[in-house]
Amino acid sequence: MRLLEAFRGPAIQLPNRIAMAPMTRGRADDTTGVPHPLTAEYYAQRASAGLIVSEGVWVHRTGKSGPGIPGLVTEQQVEAWRAVTDAVHEKGGRIFAQLWHAGRVSHPGVMGRTPVAPSAVRQAGRIFVDDEWMDTVEPRALGEDEIGEVVQDFATSARQAVDAGFDGVELHGANGYLIQEFLARNTNLRQDRYGGSVAARLRFPLEVVAAVADQIGAARVALRISPGNPENDIVEDDWKEVYSRLLAELRRYELAYLHVIDTPEAEALSHLRPLWPGTLIANLRSEEPTSREEGESLIESGLADVVAFGRLFIANPDLPARFALGAPLAAADHDVYYGARLDGYTDFPAFDPDSAKFACSARS
């Protein structure tokens, strides 16, 4: 099985080609942004993944998107994450921190102030705040000086991530959050050096990558993108040009990997894979979780070097072993995906072949 083969890339080596995708779980202390004490156990249970990418962590309180999301800013947060990385490493795993600024996809009820964005363009729809859905608000456009400060927030959090023991960082440039808001024409209406032309819209993402690579080394830096993804009211009708030029600029760095979110039709992967000589992790977005067969197909076709699985890892902490055994996969109730509740977090057991044999025997 190709998914279970070891992978050796230019900047990253993994024991298998199965990544655990970043997934918001909402279990952090909402006041301090400190991960829950059980977070170390949660990630350690899943350390057999070739690579774990943590849930998104905010690089500044203005970048927090919802309740229970952790940060990587304060010393208290760093110490809590160090317990997480120690637990993963003790199990032989590797873990990157996903650094996140939500941009306009937030609310004053979440972080106490008006959200910031490239331009004052309100997101359509509603957002979850304090146990209820509320109307979104119009964000405040960042000033040029503030943009530089956000770039440094990413760089500082990257240094703190390494200090906390993470093996690297993944910059969240997907799903309609701040980095993608600078790339998309419907959210970036600026007429200064950060907006207008494609080159100008690329400036902020490239400044973030450069600052973080300068801080911790490019081999520890990855970027997640979702070309053409309409999530959070993003419109990218020119995504082929934008992301082709982005990858051309990124090739100057030997990044750890590029993480591409795509639909099962793989239009973005088919277009971008020939343009990216480095390691590529694919993550399919659809109503159903990515299957083992879909993952195998992505590897066999050459569209990906590694495949990220998300929801399957919630109820199957030992997912690589289950794939290897052809074992049944457990399903998690959507109600336990998010929130302060602790059931549905660390209480999913690993597969027990002996119990399965006994169950089969009892049914026969």
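What follows draws every value from the coordinates through simple rules; no lab data is involved. Predicted, not measured: the structure shown is a model, and the values here were computed from it. We place every Cβ from the backbone using ideal geometry, glycine too, and count neighbours over all the protein chains shown.
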>> Could you work out the relative contact order of the chain? I mean the mean sequence separation of Cα pairs under 8 Å and 6+ apart, divided by the number of residues, in percent.
In response: 17
> What is the extension gain from E300 to A124, computed as 0.36 nm multiplied by their sequence separation minus the C-alpha to C-alpha distance, in nm to one decimal?
Replying inline: 59.5 nm
>> Order these by the 10 Å Cβ neighbour count, fewest first: Y257, Y345.
In response: Y345, Y257
> Just for the chain, what percent of DSSP beta bridges are antiparallel, to the closest 5?
Replying inline: 15
> Which of G71, G302, Y338 sits closest to the plus end of the dipole of the chain, meaning its Cα is farthest towards the positive end, when Lys and Arg get +1 and Asp and Glu get -1 on the C-beta?
Replying inline: G302
> Measuring from centroid to centroid over Cα atoms, what is the spacing of segment 308-356 and segment 189-209 in Å?
Replying inline: 41
> When F166, F154, F351, F323 are ordered from fewest to most other Cβ atoms inside 10 Å of their Cβ, what list results?
Replying inline: F351, F323, F154, F166
>> Quick query: amide H of E55 versus all other amide H atoms, modeled in the peptide plane; which residues come in under 5 Å with a sequence gap of 5 or more or a different chain?
In response: M23
> Add -39500 (n - 2.57) for each DSSP H run of 4 or more in the chain, then divide by its residues: what number comes out at 222 nm, to the nearest 500 deg cm²/dmol?
Replying inline: -10000 deg cm²/dmol
>> Can you sort L202, L269, L72, L275 from fewest to most other Cβ atoms within 10 Å of each residue's own Cβ?
In response: L275, L202, L269, L72
> If a helix is a whole DSSP H run, which ones in the chain reach 18 Å or further along their own axis (Cα) and hold a mean Kyte-Doolittle hydropathy of at least 0.5?
Replying inline: 198-216
> R17's amide H: which non-local residues (gap 5+, or another chain) put their own amide H closer than 5 Å, with H modeled 1.01 Å from N in plane and none for Pro or chain starts?
Replying inline: L4, E5
>> Given Cβ point charges of +1 (Lys, Arg) and -1 (Asp, Glu) and nothing else, what value in debye, to the nearest 20, does the dipole of the chain about its Cα centre take?
In response: 580
> Fully extended, how many nm does the chain gain between A340 and M134 (0.36 nm per residue separation, minus their Cα-Cα distance)?
Replying inline: 72.2 nm
